[in-house]
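Reviewing the structure listed below.
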Amino acid sequence: MMPLLFIMVLALIGRVLFLPGAVEGLNYLFTPDFSKLADPKVWSAAYGQIFFTLSVGFAIMLAYSSYLPEKSDINNNACMTVLINCGFSMTAGVLIFSILGYMAAEQGKAVTDVAGAGVGLAFVTLPAAINLLPIPYILGPLFFLALVVAGLSSHISIIEAVTSALMDKLKLTRKAAASVVCGIGFAVSMAFATNGGLLLLDLVDYFINNVALLASCLIELVIVGWLVKLSDIREHANKLSEFSVGNWFELCIRFLSPVMLAVITTTNLLNTLADGYGGYAQEELMLLGWGLVGAMLVVGIVVNTASKPAAEGV
């Protein structure tokens, strides 16, 4: 599926790059604004984005890495994963901002005035822009087919992480674990198919990426950085890899990343508590935002507790 997705994105880029205004959209994308480096919201969005696209903090990397041969080249695999992921993200950015530049030229507006945010970009702004493109009856289905392929490929990894955890903790067969995870996922995701599904998705996306994910990754960093001997991990990885990582690895894990995440997470929490999010009512934020985060914590504790008797029986 991933080669298919890459080919579809390149095909779309090959068409939209020649549209009027596409260059202006690319200029907006690649023109730096260094003043944004002082904005905590930018750092929060950047951390959330890279965690999401690299599946860091979702246990996906843990599940996949557990399937690697014992003597895999750890450093090389990690660097290739990061570079390919970020390279594809930039490629997708070229597609999106080319379309936004064309849309801005058609409407006589600035790129910032036509660019949506979050889920609205994929499901509101870009579909409206595709309708303005030549042969939208071909480019439209191609674009959404690319989204479907991207979603399916991502979902496979998410399902695998949860399924493998249930198999290990509850000693279930793969078929039983996958049936439970997919069945619950199907039932819960039906809520996103309702008339309020887009608003629900916006809330879930914000609280998962900007609150729960950042907080859980901060806890992971503290545990790994201060309760595990990082030098042993680094030496083991270097022994099996084509190139070595230096002491900067330990400095990042123990100090730099935890400090950055602590500041960003605290800022997010304070801003969300004080100002809310997206103009939603307080009861909606408590039920679908903070309530979701609390429910995730409770489910994690229940699953972990239920796994202990199974492990003791084995």
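Any chance region 173-183 includes a residue that's under 24 Å from Gly276 (Cα atoms) and at pLDDT 85 or above?
No, region 173-183 contains no residue that is under 24 Å from Gly276 (Cα atoms) and at pLDDT 85 or above.
Hey, among the residues in region 45-66 that are under 10 Å from the mean Cα position of the chain (by Cα) and hydroxyl-bearing (Ser, Thr, Tyr), which one's surrounded by the fewest Cβ atoms within 10 Å (Cβ to Cβ)?
Thr53
Quick check on my filter: what residues within region 45-59 are of a type outside the set (S, T, N, Q) and touching a residue at least 60 places away in the same chain (Cβ under 8 Å)?
Listed by number, the residues that qualify are Ala45, Tyr47, Gly48, Phe51, Phe52, Val56, Gly57, Phe58, Ala59.
Give Phe30, Phe18 a once-over and let me know the one that is more than 22 Å from Leu270 (Cβ to Cβ), open to solvent by 80 Å² or more (accessible area, probe 1.4 Å) and touching a Phe, Trp or Tyr at 6+ places or on another chain (Cβ under 9 Å).
Answer to the selection: Phe30.
Is it the case, given these coordinates, that Val149 is in a helix (DSSP H, G or I), of a type in the set (Val, Ile, Thr) and at pLDDT 85 or above?
It is false that Val149 is in a helix (DSSP H, G or I), of a type in the set (Val, Ile, Thr) and at pLDDT 85 or above.
Among the residues of region 181-218, write down those that are assigned to a helix (DSSP H, G or I) and more than 28 Å from Val42 (Cα to Cα).
Within region 181-218, Val181, Cys182, Gly183, Ile184, Gly185, Phe186, Ala187, Val188, Ser189, Met190, Ala191, Ala193 meet the criteria.
State all residues of region 47-67 that are of a type in the set (A, V, I, L, M) and closer than 21 Å to Leu152 by Cβ; if no residue qualifies, say none.
Of everything in region 47-67, those that are of a type in the set (A, V, I, L, M) and closer than 21 Å to Leu152 by Cβ turn out to be Leu54, Val56, Ala59, Ile60, Met61, Ala63.
Quick one: which helices (runs of 4 or more DSSP H) sit completely within region 229-314 and have at least 3 residues that are out of contact with any Phe, Trp or Tyr (no Cβ under 8 Å at 6 or more places or on another chain) and under 25 Å from Pro40 (Cβ atoms)?
Answer list for region 229-314: 257-275, 291-313.
Exactly one condition in (1) among the aliphatic types (A, V, I, L, M); (2) surrounded by 13 or more Cβ atoms within 10 Å (Cβ to Cβ); (3) within 30 Å of Glu160 (Cα to Cα); (4) free of Cβ contacts under 8 Å to residues at least 60 places away in the same chain is false for Val42; which is it?
Just one mismatch for Val42, condition (3).
May I ask you to verify whether Arg254 is open to solvent by 30 Å² or more (accessible area, probe 1.4 Å), under 26 Å from Tyr67 (Cα atoms) and either among the basic types (Lys, Arg) or modelled with pLDDT of 90 or more (or both)?
So Arg254 fails the test.
Filter region 221-248 for residues that are open to solvent by less than 70 Å² (accessible area, probe 1.4 Å) and of a type in the set (Gly, Ala, Ser); which is farthest from Asn76 (Cα to Cα)?
Here the residue is Gly225.
Can you tell me which of Gly101, Gly87 is open to solvent by less than 90 Å² (accessible area, probe 1.4 Å), over 25 Å from Glu242 (Cβ atoms) and not β-branched (Val, Ile, Thr)?
Checking each option against the conditions leaves just Gly101.
Please list, ordered by first then second residue, the pairs with beta carbon atoms under 9 Å, 6 or more apart or interchain, first in region 12-37 and on the phi > 0 side of the Ramachandran plot, second surrounded by 17 or more Cβ atoms within 10 Å (Cβ to Cβ) and in a helix (DSSP H, G or I).
Within 9 Å, the pairs are Gly21/Ser98; Gly21/Leu100; Gly21/Gly101; Gly21/Tyr102; Gly21/Met103; Gly21/Ala104; Gly21/Ala105; Gly21/Val111.
Pull up region 163-178, narrow it to residues that are in a helix (DSSP H, G or I) and either among the charged types (D, E, K, R) or farther than 20 Å from Tyr64 by Cβ (or both), then point me to the one that is least open to solvent (accessible area, probe 1.4 Å).
Checked region 163-178; the qualifying residue least open to solvent (accessible area, probe 1.4 Å) is Ala176.
Pick from Leu218, Leu292: which is open to solvent by less than 70 Å² (accessible area, probe 1.4 Å), within 30 Å of Asn76 (Cβ to Cβ) and within 23 Å of the chain's Cα centre (by Cα)?
Leu218
The values are calculated or read from the model by the stated rules, or taken from the named source; none is laboratory data. Quantities reported herein were computed from a predicted structural model and do not represent experimental measurements. Virtual Cβ from ideal backbone geometry, glycine too; neighbours counted across all protein chains shown. Areas reflect the complete protein model, heavy atoms only, side chains present, ligands, DNA and RNA absent. Shrake-Rupley method; radii C 1.70, N 1.55, O 1.52, S 1.80 Å.
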